[in-house]
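Peer 1: Can you keep this structure in mind? I'll have questions shortly.
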Amino acid sequence: MEERPFPAWSWSVEQCLKEYNVKLDKGLSSYEVENRRDRYGWNELVKEKGKPLWRLVLEQFDDMLVKILMVAAFISFILAYMHGSESDESGFEAYVEPFVIVLILVLNAIVGVWQETNAEKALEALKEMQCESGRVLRDGFLVPDLPARELVPGDVVELQVGDKVPADMRIAALKTSTLRLEQSALTGEAMPVLKGSSPIFPEECELQAKENMVFSGTTVVNGSCVCIVVCTGMNTEIGKIQKQIHEASLEESDTPLKKKLDEFGSRLTTAIGLVCLVVWLINYKNFLSWDMVDGWPANVQFSFEKCTYYFKIAVALAVAAIPEGLPAVITTCLALGTRKMAQKNAIVRKLPSVETLGCTTVICSDKTGTLTTNQMAVAEFFTLGGRTTTCRIFHVEGTTYDPKDGGIVDWTCYNMDANLQVMAEICAVCNDAGIFSDGRLFRATGLPTEAALKVLVEKMGVPDAKMRNKIRDIQLVANYLIDRSTVKLGCCEWWTKRSKRLATLEFDRVRKSMSIIVREPTGHNRLLVKGAVESLLERSTHVQLADGSLVPMDEPCRQLLLSRHSEMSSKGLRCLGLAYKDELGEFSDYHSENHPAHKKLLDPACYSSIESDLIFVGVVGLRDPPRDEVHTAIEDCKGAGIKVMVITGDNKSTAEAICREIKLFSDREDLRGKSFTGNEFMALSPSQQIETLSKPGGKVFSRAEPRHKQEIVRMLKEMGEIVAMTGDGVNDAPALKLADIGIAMGITGTEVAKEASDMVLANDNFSTIVLAVAEGRSIYNNMKAFIRYMISSNVGEVISIFLTAALGLPECMIPVQLLWVNLVTDGPPATALGFNPPDVGIMRKPPRRSDDALINSWVLFRYLIIGSYVGIATVGIFILWYTQASFMGINLVSDGHTLVELSQLRNWGECSTWSNFSAAPYMVGGGHLITFSNPCDYFTIGKVKAMTLSLSVLVAIEMFNSLNALSEDSSLLTMPPWRNPWLLVAMSVSFGLHCLILYVPILANTFGVVPLSLNEWLLVILVSIPVILIDEILKFVGRSQRYKVKKEKTA
């Protein structure tokens, strides 16, 4: 059941307890739990019912090309059955055609169903994020491991370090001074979030602002607390994301290529229907005749045999017109594309995504981990110089947790002065973080900011020269150790051994600092403090100069430090102030918990007085730095006409600073109308939102929640944009699912994000997306090349059959031969065209529009010309064999076949009425003699040689035509065939396969062909090769026209 909305974050703890009728020290009673479970249900994510298998299978046949193939297969089967009934034989040959078509359809359906079932794993991955059990107070007793699914609103739950949160809960009381939760997967915040129990106003606030709430699936990284369960199951934030993922999956639209192929299929259906009808109408006299008596038809005669014969011709025409091999070649090309992309660290999960990438117009990128390294690093630090009016600023290079990555620029302070020594000591000792290596990356344990401070200490070194050399030697040896997972931080260890830690004053949000008491080598106690700069400056009375001398902090000095701090913050740096104190009063001899002053350390209210009269040391500026290669990738996107929009959960100033640094915006660019928080953007009117999104240039959206990301993606799609969306968190999953291309992070990404995505970046790098877009564009160009090639071949076949029917000739090719050409001999060259090298300026062109025609009118005209030549050549050679003794000096009657007149050939159906007509047997390769019991069989059984010549001319022309398809416009002189050696290999394979069916007797019988002599092969080549010359002339005309138009535009 739906819970009524209850803004627990804006109510006090007492109000929440009253609302749920529960006591914090008792919890709910078993009776109350049962009542609430009946009302609210179990605390688990409901699995949406998936489509049944039969529905998935049926959906694979809801495609225009597939429907045409199904009809063709059905008609072929009926005709094969009728032919078998008439001739009292049921040979396999007759059923080859329907069998092959059905096989293609079944394979296509299997691939489709497999892809669909893979797609919904994102919802399963969400369930994995849910907690198994929790510590719950019931009937006044603590149940240590109650299954999480049994929780109900009002339950009192205890959380400790490392616990996964089992439901959305309101914090009732902290059991430690601080509580931090890692919720980046849900909100996109780079750092663990500090939580408290005070009410938050107003009621309507973003997820990140709900600092007194903990959310299902997030993890406690520091502290412990007691909470009241507020939302369970599908009403939790994770539950809402599941609903959004499901809704987004229902909104998934077809890829641009799928839309074009469907459109092409619809037009093809119309064209096939019309041509088949015309062929039948042209030949109606052959199966329907009548006499006119008094202006009315009489003695109507209908020949069913002739009618079915011309129906078979119409079916042959349909088989010729449909590019049966196209689905297989497209799948092969996309699969090859995924392999190429995998080599570039882009792992494609859904094949059609490869092509969609090519027409991407907008990339919506997350900031943390994609544009940045997701590893905190110190960018700069400053201390005072020799006077209170001067500052020393040090810039630090390096963007990872690797201590050897970069160093301090112009660092000459190896024998560190007293000021820098104190700074290194605070960074190393007032610190609980660690660093380890997983083989690929250096990662942090504990707080990322503290890990970054430890890396800074390693870059600073130690003041003891002898120890410094020893540490360097140990690090050199560590490079050769087998176990390299633990990272040796020699400098930090030197400081921690030197200064023994005695007590910790935990961080709290009132004083905004944390400190430790240490025993110095001198035997005196010292307080080391780090925290918010403004807070430390308020509690500092002195500053330390470079030489270690202490001077009182006056107002000009304070203002200098604040202005430097402000300058660093404006660059998007997270600033930490460092300070210390030597005069500790009653803590000056503190040694352990037995000390009389220890009780003050148990009360956080005393911490501010202990951390007073501090000596200010300096300020450290940290950031999650941008990746080095992102700037170039952003420039490539601008050159390619792709808009980049950054959508992040981080705060506005940090997001803007990073965007300026990666040159999405220039340094002084006014960001009004380009930078919004999620709530600011959603508050705009729909027309203002569309206007903002449609303006050129980059955009940045900060403090964005999942619904904001989804809404932005939805709007962009409605505007006709092709959207690629990156993300790594659970909160990104709905938008990843909704986008045309969802791109998840392979290293930092959650399983939920990966399963909802179309593509996974193995290296989490934004520049990999740009490489993938370039690859997608290249693949699309190559797909256009082979689609044009296959369609031009089919146009030729259609014209060939149409001419045969129009001239009244015996059919020069049977359906099974056409199917062989479309599937087998056309397949290898079409696939090889997928290996065409990419154009040089592929990323300097704007994205193609999603409504761009697959084949424009000029290309269609070109292929009609080429197709006409194919038709004339295939029918021409058929006529030549029957009617001419020689052609261009090649003897055609050496086999002893009978020559006939063209008029006889055109009226071969009336052969039985001819007097004195006879046809001599003739010899074919392999010493086989073709004989006829009835002379009229010369036009049916006897046409086997003429049919073989026609088929061979068709295959040869299509091989030469594949060379034409290497480039849409470039001549073979500028784009020679060896630029794509795979095409030459594929042509050889296709010719080899054609020779196989000619010279292997069992195959020759199946396909109705015979072997050819050397002379006949020479004739085939002579008739076929002009296709190259014709297309070269057409390409030249096209280039001239385009040059003319370009010249007129520039004039």
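Peer 1: Assigned to a helix (DSSP H, G or I), open to solvent by 10 Å² or more (accessible area, probe 1.4 Å) and touching a helix residue (DSSP H, G or I) at 6+ places or on another chain (Cβ under 6 Å): is that true of L771 in this structure?
Peer 2: no
Peer 1: Being crowded, with 17+ Cβ neighbours inside 10 Å and touching a helix residue (DSSP H, G or I) at 6+ places or on another chain (Cβ under 9 Å) is the filter here; which residues of region 515-536 pass it?
Peer 2: Within region 515-536, S515, I516, I517, V518, N525, R526, L527, L528, V529, K530, V533 meet the criteria.
Peer 1: Scan region 706-723 residue by residue and report those that are at pLDDT below 90 and open to solvent by less than 20 Å² (accessible area, probe 1.4 Å).
Peer 2: P706, H708, K709, Q710, I722
Peer 1: For region 367-419, give me each residue that is open to solvent by less than 30 Å² (accessible area, probe 1.4 Å), within 47 Å of the chain's Cα centre (by Cα) and hydrophobic (A, V, I, L, M, F, W, C).
Peer 2: Within region 367-419, L371, M376, A377, V378, A379, F381, F382, F394, V396, I408, W411 meet the criteria.
Peer 1: Right, next: Cβ contacts < 7 Å: first residue farther than 16 Å from Q421 by Cβ, restricted to region 462-476; second residue open to solvent by less than 50 Å² (accessible area, probe 1.4 Å) and not charged (D, E, K, R), any location; separation 6+ or different chain. Result?
Peer 2: I474/G490; Q475/G490
Peer 1: Oh, and also: Pick from region 557-583 the residues that are among the aliphatic types (A, V, I, L, M) and at pLDDT 90 or above: which of them is farthest from G385 (Cα to Cα)?
Peer 2: Across region 557-583, the extreme among qualifying residues is L576.
Peer 1: Looking at (1) part of a strand (DSSP E or B); (2) in contact (Cβ under 8 Å) with a residue 60 or more places away in the chain; (3) open to solvent by less than 40 Å² (accessible area, probe 1.4 Å), which is the only condition H542 fails?
Peer 2: Status for H542: all satisfied but (3).
Peer 1: Now for a different question. Looking at (1) assigned to a helix (DSSP H, G or I); (2) open to solvent by 20 Å² or more (accessible area, probe 1.4 Å), can you tell me which one T874 breaks?
Peer 2: With (1) assigned to a helix (DSSP H, G or I); (2) open to solvent by 20 Å² or more (accessible area, probe 1.4 Å) applied to T874, the lone miss is (2).
Peer 1: Ok, one more. If V795 satisfies all but one of (1) touching a helix residue (DSSP H, G or I) at 6+ places or on another chain (Cβ under 7 Å); (2) part of a helix (DSSP H, G or I); (3) buried (at least 24 other Cβ atoms within 10 Å of the Cβ), what's the number of the condition it fails?
Peer 2: Exception for V795: condition (3).
Peer 1: Evaluate the following for D732: is it buried (at least 24 other Cβ atoms within 10 Å of the Cβ) and under 11 Å from the mean Cα position of the chain (by Cα)?
Peer 2: no
Peer 1: Further, regarding this structure: Run G896 past the list (1) at positive phi; (2) under 60 Å from the mean Cα position of the chain (by Cα) and report the number of the one that doesn't hold.
Peer 2: (2)
Peer 1: Looking only at region 802-821, how many residues end up being among the aliphatic types (A, V, I, L, M) and open to solvent by 10 Å² or more (accessible area, probe 1.4 Å)?
Peer 2: Residues that pass the stated criteria total 5.
Peer 1: Regarding V644, is this residue at pLDDT 90 or above and farther than 29 Å from K454 by Cβ?
Peer 2: When the stated conditions are applied, V644 passes them.
Peer 1: Would it be correct to say that I855 is assigned to a loop (DSSP other than H, G, I, E, B) and closer than 20 Å to V1027 by Cα?
Peer 2: yes
Peer 1: Can you name the strands (runs of 3 or more DSSP E) wholly within region 427-536 that have at least 1 residues being at pLDDT 90 or above and over 25 Å from T399 (Cβ atoms)?
Peer 2: Of the strands (runs of 3 or more DSSP E) lying wholly inside region 427-536, those with at least 1 residues that are at pLDDT 90 or above and over 25 Å from T399 (Cβ atoms) span 500-508, 513-519, 525-531.
Peer 1: If you don't mind, another one. For region 750-757, check the following and say yes or no: at least one residue is farther than 30 Å from V279 by Cα and of a type in the set (K, R).
Peer 2: yes
Peer 1: Among the residues of region 593-610, is any modelled with pLDDT of 90 or more and in a loop (DSSP other than H, G, I, E, B)?
Peer 2: Scanning region 593-610 turns up no residue that is modelled with pLDDT of 90 or more and in a loop (DSSP other than H, G, I, E, B).
Peer 1: Additional query: May I ask you to say which residue of V1023, V1045 is aliphatic (A, V, I, L, M) and touching a Gly at 6+ places or on another chain (Cβ under 8 Å)?
Peer 2: Of V1023, V1045, the one residue that is aliphatic (A, V, I, L, M) and touching a Gly at 6+ places or on another chain (Cβ under 8 Å) is V1023.
Peer 1: If E901 passes every condition in (1) without any contact (Cβ under 8 Å) to a residue 24 or more places away in the chain; (2) surrounded by 16 or more Cβ atoms within 10 Å (Cβ to Cβ) but one, which one does it miss?
Peer 2: For E901, the failing item is (2).
Peer 1: Could you run through region 33-42 and say how many residues are open to solvent by less than 50 Å² (accessible area, probe 1.4 Å) and either over 21 Å from T236 (Cα atoms) or part of a helix (DSSP H, G or I) (or both)?
Peer 2: Qualifying residue count, region 33-42: 4.
Peer 1: Would you be able to say whether some residue in region 1035-1047 is within 37 Å of the chain's Cα centre (by Cα) and surrounded by 15 or more Cβ atoms within 10 Å (Cβ to Cβ)?
Peer 2: Within region 1035-1047, one or more residues are within 37 Å of the chain's Cα centre (by Cα) and surrounded by 15 or more Cβ atoms within 10 Å (Cβ to Cβ).
Peer 1: While we're here: Look at A579 and say whether it is part of a loop (DSSP other than H, G, I, E, B), closer than 19 Å to N419 by Cβ and touching a residue at least 12 places away in the same chain (Cβ under 8 Å). Outline the logic, then answer.
Peer 2: On the way: part of a loop (DSSP other than H, G, I, E, B): no; closer than 19 Å to N419 by Cβ: yes; touching a residue at least 12 places away in the same chain (Cβ under 8 Å): yes.
It is false that A579 is part of a loop (DSSP other than H, G, I, E, B), closer than 19 Å to N419 by Cβ and touching a residue at least 12 places away in the same chain (Cβ under 8 Å).
Peer 1: In region 224-241, which residues are more than 23 Å from K18 (Cβ to Cβ), in contact with a strand residue (DSSP E or B) (Cβ under 9 Å, 6 or more places away or on another chain), open to solvent by 10 Å² or more (accessible area, probe 1.4 Å) and not charged (D, E, K, R)?
Peer 2: Scanning region 224-241 gives a single hit, S224.
Peer 1: Evaluate region 824-844: report whether one residue or more is of a type in the set (A, V, I, L, M), touching a Leu at 6+ places or on another chain (Cβ under 8 Å) and assigned to a loop (DSSP other than H, G, I, E, B).
Peer 2: No, because not a single residue in region 824-844 is of a type in the set (A, V, I, L, M), touching a Leu at 6+ places or on another chain (Cβ under 8 Å) and assigned to a loop (DSSP other than H, G, I, E, B).
Peer 1: So, K737, is that one surrounded by fewer than 24 Cβ atoms within 10 Å (Cβ to Cβ), in contact (Cβ under 8 Å) with a residue 40 or more places away in the chain and either outside any strand (DSSP E or B) or not assigned by the TED database to the domain that holds M682 (or both) or not?
Peer 2: On the way: surrounded by fewer than 24 Cβ atoms within 10 Å (Cβ to Cβ): no; in contact (Cβ under 8 Å) with a residue 40 or more places away in the chain: yes; either outside any strand (DSSP E or B) or not assigned by the TED database to the domain that holds M682 (or both): yes.
Against the criterion (surrounded by fewer than 24 Cβ atoms within 10 Å (Cβ to Cβ), in contact (Cβ under 8 Å) with a residue 40 or more places away in the chain and either outside any strand (DSSP E or B) or not assigned by the TED database to the domain that holds M682 (or both)), K737 does not qualify.
Peer 1: In addition: State the number of residues belonging to region 612-631 that are open to solvent by 10 Å² or more (accessible area, probe 1.4 Å) and farther than 26 Å from A735 by Cβ.
Peer 2: 4
Peer 1: Among the residues of region 639-661, write down those that are under 23 Å from F681 (Cβ atoms), over 20 Å from the mean Cα position of the chain (by Cα) and not acidic (D, E).
Peer 2: Once the filter is applied, which keeps residues that are under 23 Å from F681 (Cβ atoms), over 20 Å from the mean Cα position of the chain (by Cα) and not acidic (D, E), region 639-661 yields G649, N651, K652, S653, T654, A655, A657, I658, C659, R660.
Peer 1: So how many residues does region 912-937 have that are without any contact (Cβ under 8 Å) to a residue 60 or more places away in the chain and assigned to a helix (DSSP H, G or I)? So that I can check it myself, show each step before the final result.
Peer 2: Pass one, region 912-937, residues without any contact (Cβ under 8 Å) to a residue 60 or more places away in the chain: 912-923, 927, 929, 931-937.
Now drop any that are not assigned to a helix (DSSP H, G or I), which leaves 912-913, 927, 935-937.
The number of residues fulfilling the criteria is 6.
The values are calculated or read from the model by the stated rules, or taken from the named source; none is laboratory data. Note that the structure is a prediction, hence the values are computed from the model and not measured. Cβ: placed from backbone, ideal geometry, glycine included. Neighbour counts: every protein chain shown. These area figures cover heavy atoms from the full protein model, side chains too; ligands, DNA and RNA do not enter into them. Shrake-Rupley method; radii C 1.70, N 1.55, O 1.52, S 1.80 Å.
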